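Here the structure comes first, spelled out in structure tokens, and everything after it is commentary.
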Amino acid sequence: MEPTIPEWFRDRNVLVTGATGFMGKVLVAKLLLTCPEIGKIFILIREKKDVSPQNRLKHLLQQEPFRILSENHPERLKKIIVVNGDTTIEGLGLSLNDKNLLIQDVSVTFHMAANVRFDLPLKTAVNLNTRGTANVLKVVKQFKKLSSFIHVSTAYCQCGEEILEERAYPTSILPEKVFTLIDTMDDNILEALTPKLLGDQPNTYAFSKSLSEALVSKSGIPTGVARPSIVTASWKEPAPGWVDNMNGPTGLMIGAGKGVIRSMLCNPDYLTDIMPCDLVVNATITLAWKVGIEQPTEPIFMNITESGKNPISWRFALDTGRKHALENPFSGPLWYPGGGFTTSKIVHWFSVLFLHIIPAYLLDTLLYVTGNKPFLVKVQNRVTTGLDLLQYYTTKEWTFRNDMMKNLENSLSSSDRETFFMNTKAICWNEYILAYILGTRKYCLKDDPSTLPRARRVFAYLYVADLCLRIFFGILIVWFIYSWMVPFKTLMEVREI
């Protein structure tokens, strides 16, 4: 019989890149919590803003994913070994001792390091995501005990396809040729050439991830490619609703909850494919186990997606999020949340103009006159840019095949299926979105639960102010119409006489 996942990880040493990221820290904590006899976990960390890798580790261990370990199993945290390195550097910038240590000891690698921003210049995105993958592969191929290499990609790496299957997709240009282009071309020329290179891809992130998959596909090592869809706050672990960044839906939620975002271009009847981060991490660990047991000669691709098993539409997600955000408001709102979504670009444009841009300029002018520092125009420019990047995904629908994930879940023992849960059917989306709102308040915005009563009072005042403003503008519009109609009526009467 096949060993369980904890049994298979016994005494195996693991390397994780991107361990300080959103999913990376959950993965490291999950391995230590569920696989107590795992070997060492080497995490690749670079110096950042003059903070040493060791100090970054200390900060990492103070965060929520490691709280239970710190309280109940502090000895397991000693299994984490920091390796000073950088995926963007050839050879990962490893010292000779660290490199030899990894080559001799590591048998499982999770490559999770990536920059998920959609608006990076092509050169930056390729260097961080694609060349970073090439550098990791070059080192990992030297590992003498390597039994499983997992590359974390994205389900949206082939956005030109309507049906996304669990297989390798050819790229329009070889990764090596792209490396040559970004190394030899002037930045201005490269910027002008970017749309042609992207083709069907909506942004440089998706393009760089598709190139990375091409490199992994021909690596010749036992490999699994994990393709999660939209990764959101945790369902259960490390705590319900835990999230530590403002990317994607979280940023949208915060912007709308603080009254900054009042219009969104979206087809509300399309399904959104969101996956809680703990389910994604469980599936990724399980994929590593499968690759390690089967030792495939070709990569195993797995779409870690909801895929209609427990469908949720944009309309339900946004309406439910609005309801819970009004009941559990964020502190420091700029205005009472309002607005909505539309499928009309013209309606959205006018909404942005009258509800985003003009109020921002008016309020910034008032701030400037009163001696305060204007900031709303800058905030709205960032919001508008973010919405422009997101609307590609909210106005299009894809079908993700995820047979591999379903079959993998069914192949697990009952204990592994419970420990490494990945069944989206069990999620109650209404309860999940409530936990998401509360988790965003607590972990992302650092709003203590004790601030809720005051936030609700502030929202009540803003509701009255918003209502008064609507009435004022309504009267103003009626007055303008009346002022225009009276002279027109008089003119018509004169003409009749």
Task: Sorted peptide list for 273-282, 307-316, 114-123, criterion being average Cβ within 10 angstrom, highest first - done: 273-282, 114-123, 307-316
TODO: Take the Cα pairs of segment 118-170, get the Kirkwood Rh, then feed it into Stokes-Einstein at 10 °C and 1.306 mPa s and tell me D in µm²/s.
DONE: 117 µm²/s
Task: For the chain, share of DSSP beta bridges that run antiparallel, in % to the nearest 5 - done: 10 percent
Task: Three-way shape call for segment 100-145 based on the alpha-carbon gyration tensor, with the a/c threshold at 1.5 - done: prolate
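When the accessible area of the chain is computed with all protein chains present and a 1.4 Å probe, what percentage of it is carbon and sulfur? Let's see the in-between values first.
Values: 14020 of 24290 Å².
Taking all protein chains in place, the chain shows 58 percent carbon and sulfur surface.
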Open item on the list: Quick check: from the Cα gyration tensor, does segment 335-379 come out rounded (a/c under 1.5), prolate or oblate?
Closed with: prolate
Open item on the list: I'd like to compare 353-360, 285-292: which one has the highest average count of other Cβ atoms within 10 Å, and what's the full order after that?
Closed with: 285-292, 353-360
Task: Cα gyration tensor, segment 330-434 - rounded (a/c under 1.5), prolate or oblate - done: prolate
Task: Semi-axis lengths (Å, descending) of the ellipsoid that matches the C-alpha gyration tensor of segment 69-120 - done: 25, 20, 10
Open item on the list: Quick check: the distance between the Cα centres of segment 68-119 and segment 257-316, to the nearest angstrom?
Closed with: 25 Å
TODO: Find out how many positive minus negative residues lie around A206, taking Lys and Arg as positive, Asp and Glu as negative, among other residues whose Cβ is under 13 Å from that of A206.
DONE: 0
Task: Residue (of N328, G292, M302) at the positive-pole extreme of segment 286-337, dipole from beta-carbon charges - done: N328
- [ ] Measure off 7 Å from each Cα along the Cα-to-Cβ vector at N410 and V379, then give the distance between these two points in nanometres to one decimal.
- [x] 5.1 nm
Open item on the list: Give the lysines whose C-alpha is closer than 24 Å to that of K378, dropping any in the same chain fewer than 8 places away, or say none.
Closed with: K258, K345, K446
TODO: Find the centroid of the Cα atoms in segment 124-191 and in segment 199-215, then give the distance between the two in whole Å.
DONE: 7 Å
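Extension gain R417-F179, at 0.36 nm per residue separation less the Cα-Cα distance, in nm?
Gain on stretching R417 to F179: 81.5 nm.
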- [ ] Taking all pairs of distinct Cα atoms, average 1/r, flip it, and tell me the Kirkwood hydrodynamic radius of the chain in Å to one decimal place.
- [x] 24.8 Å
Open item on the list: From the phi angles alone, apply the Karplus equation (6.51, -1.76, 1.60; θ = phi - 60°) to segment 458-466 and give each ³J(HN,Hα) in whole Hz, x where the residue is Gly or Pro.
Closed with: 4, 5, 5, 5, 5, 5, 5, 5, 5
Task: Å² of accessible area per residue within segment 185-274, as computed with a 1.4 Å probe and no ligands counted - done: 34 Å²
Task: Theoretical gain in end-to-end length, I357 to A426 [0.36 nm per residue, Cα-Cα removed] - done: 20.7 nm
Open item on the list: Strictly over 26 Å apart at the Cα level, which of K144/K218; K58/K373; K138/K177; K236/K290; K25/K236; K48/K177 would you flag in this model?
Closed with: K58/K373; K48/K177
- [ ] Scan around F42 for amide H atoms under 5 Å from its own, H built in the peptide plane at 1.01 Å from N, and keep only partners 5 or more places away or cross-chain.
- [x] V14, L15, V16, I81
Task: Per-residue ³J(HN,Hα) for segment 358-363, Karplus 6.51 cos²θ - 1.76 cosθ + 1.60, θ = phi - 60°, Hz, x for Gly and Pro - done: 4, x, 5, 5, 5, 5
- [ ] Report ³J(HN,Hα) in whole Hz for each residue of segment 469-478, in order, from the Karplus equation J = 6.51 cos²θ - 1.76 cosθ + 1.60 where θ = phi - 60°; Gly and Pro get x.
- [x] 5, 5, 4, 4, 5, x, 5, 4, 5, 4
- [ ] Return the aspartates and glutamates within reach of K30: Cα separation strictly under 19 angstrom, same-chain partners fewer than 8 residues apart disregarded; answer none if there are no such residues.
- [x] E7, D11, E64, E71, E75, E237, D244, D278, E409, D416, E418
Task: Per residue, in Å², the accessible surface of segment 31-90 once ligands and nucleic acids are set aside, probe 1.4 Å - done: 55 Å²
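The values are calculated or read from the model by the stated rules, or taken from the named source; none is laboratory data. The model shown is predicted, which means the values in this text are computed figures rather than measured ones. All Cβ positions, even for glycine, are placed from backbone atoms using ideal geometry, and neighbour counts span all protein chains on display. Side chains are part of the model used for accessible areas, which takes the heavy atoms of the whole protein and leaves out ligands, DNA and RNA. Shrake-Rupley method; radii C 1.70, N 1.55, O 1.52, S 1.80 Å.
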